[in-house]
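Okay, so here's the structure we're looking at.
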Amino acid sequence: MMNMNWLSRLRMLHHLDLSGVDLSKAINWLQVIGTFSSLTELHLSNCWLLHISPHVSTLNITSLSLLDLSLNNFNSSFPQWVFSITSLVSLDLTQYHFHGPVPRSNTDSIGNLTSLQLLHMAGNDFMNSSSVLKGFSSVASNLISLDVSSCGISSSVLDSLHNLTSLVSLDLSYNQLTKTIPKSLCNFCNLRDVVFSYNDFLNISLTYLLQRFFKCKTSVLESLDLSSLGLSGQLPSQIEKVAQLEHLYLFNNSISGTIPDSLGRLSFLRTLNLRKNLIYGHIPFSIGQSTSLEVLYLSDNQLNGSLP
């Protein structure tokens, strides 16, 4: 699709989804979109978009609550106009392929996004910046979902992100984290979905990492992925304190010891992946009696004895 002028006749458009449509030759797409003052949702994921007009400071789309520009290949600097849309609730720039550092003027403008609840920035190296994360900290109190996986974020840079008090879903996988997540980042007792996999937490024990959840009066955690972190130690018997847990992934670590009987008493557990660890002993009877378990991986350990 080369020309998008036909869209400009749809003056009352509220919702536009062209995801998957080849717009690589549509050089005027942003100008056309800017005419929709009533637009509330814009989905342009995987459209082969190349041009984003980074020097345009504002657009007349002041009602927009959802912007999805994920899986495109913008060959430009970061667009100023994104941070002028103060109505944004959901922003998805996953694998946006932005080049160069975010200008200081833009990081200061992040504070305009006071309604932001969902932020997905996976696969963007520009997020590995203290100034960028500090900018998002200024609007952090409303964030419910944060995905900054595969952004090259180091532990020292992550310290700049804090006060995510409403956060429910957190994905920090495939980064360069070498130490445990700072307490100031969020309220761990509100988290339901956590992915820390594929970082380098060498010499950190599984029990130590789980203490944040064990201390919750009532944990609401449903899914926890700690795969390929280099974790040591044993599976703690206190795991039953995370009573709502449905999915637990501990694949490819250095976890040793036996499987605690309490793991099989998690009445909502549907997925358990303990593959490629140093776990020994027998499989607890409680695992064999679980009525909720649907997926079980125990291979590449040192288990013995009869099946429960």
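The values are calculated or read from the model by the stated rules, or taken from the named source; none is laboratory data. None of these values were measured; they are calculated from a predicted model. So basically every Cβ, Gly included, is an ideal-geometry build from the backbone, and we count neighbours across all protein chains shown. What goes into the accessible areas is simple: the full protein's heavy atoms, side chains included, and nothing from ligands, DNA or RNA. Shrake-Rupley method; radii C 1.70, N 1.55, O 1.52, S 1.80 Å.
Structural remarks
- Overall, the accessible surface of the chain at a probe of 1.4 angstrom is composed of carbon and sulfur to the extent of 51 percent.
- Using a 4.7 Å Cβ-Cβ cutoff, the cysteines of the chain lacking any partner cysteine are Cys47, Cys151, Cys186.
- Working note: 222 nm ellipticity from helices only, DSSP H runs with n ≥ 4, each -39,500 (n - 2.57), summed and divided by the residues of the chain, gives -2500 deg cm²/dmol to the nearest 500.
- Segment Val220-Ser87, extension gain: residue separation times 0.36 nm, minus the distance between their alpha carbons: 44.9 nm
- Placing unit charges on each Cβ (+1 for Lys and Arg, -1 for Asp and Glu) gives the stretch 201-307 a dipole about its Cα centre, and among Gln211, Ser223, Ile283 the Cα reaching farthest toward its positive end belongs to Gln211.
- Rounded to the nearest 20 debye, the dipole size of the stretch 230-306 about its Cα centre is 80 debye, using +1 on the Cβ of Lys and Arg and -1 on the Cβ of Asp and Glu.
- Using bins of 10 Å that start at zero, the share of Cα-Cα pairs per bin across the stretch 16-57 amounts to 27, 58, 15, in whole %.
- Working from label points 7 Å from Cα in the Cα-to-Cβ sense, the His162 to Asp300 distance is 3.8 nm.
- Between the residues Ala122, Ser138, Gln176, the greatest Cα displacement towards the positive end of the dipole of the stretch 92-205, with unit charges on the Cβ of Lys, Arg, Asp and Glu, is found for Ser138.
- Taking the stretch 167-263 and dividing mean pair separation by its residue count, relative contact order in percent (alpha carbons under 8 Å, at least six apart): 26
- Viscosity 1.002 mPa s, 20 °C: Kirkwood-radius Stokes-Einstein D of the chain over Cα pairs, µm²/s: 101
- Placed amide H near Gln234: partners under 5 Å, 5+ positions off or other chain: Leu206, Thr207, Ser256
- Global form of the stretch 201-307, assessed from the alpha-carbon gyration tensor, a/c cut-off 1.5: oblate
- Derived scalar couplings ³J(HN,Hα) [the stretch 253-265; Karplus, 6.51 cos²θ - 1.76 cosθ + 1.60; whole Hz; x for Gly, Pro]: 10, 10, 6, 10, x, 9, 7, x, 4, 5, 5, x, 8
- Rounded to 5, percent antiparallel among DSSP beta bridges of the stretch 146-300: 0
- Derived scalar couplings ³J(HN,Hα) [the stretch 5-16; Karplus, 6.51 cos²θ - 1.76 cosθ + 1.60; whole Hz; x for Gly, Pro]: 4, 4, 5, 5, 6, 8, 4, 9, 4, 10, 10, 10
- Note on Asp125/Leu50: beta-carbon distance plugged into 1/(1 + (r/R0)^6) with R0 of 22 Å gives a FRET efficiency of 0.70.
- Cα-based shape type of the stretch 44-177, given that a ≥ b ≥ c are square roots of the gyration tensor eigenvalues and the cut on a/c is 1.5: rounded
- The stretch 12-55 and the stretch 283-303: distance between their alpha carbon centers, rounded to Å: 48
- Long-range Cα-Cα pairs in the stretch 105-180 (distance over 19 Å), rounded percent: 27
- The equivalent ellipsoid of the stretch 86-135 has semi-axes of 17, 15, 8 Å, largest first, where each one is the square root of 5 times an eigenvalue of the Cα gyration tensor.
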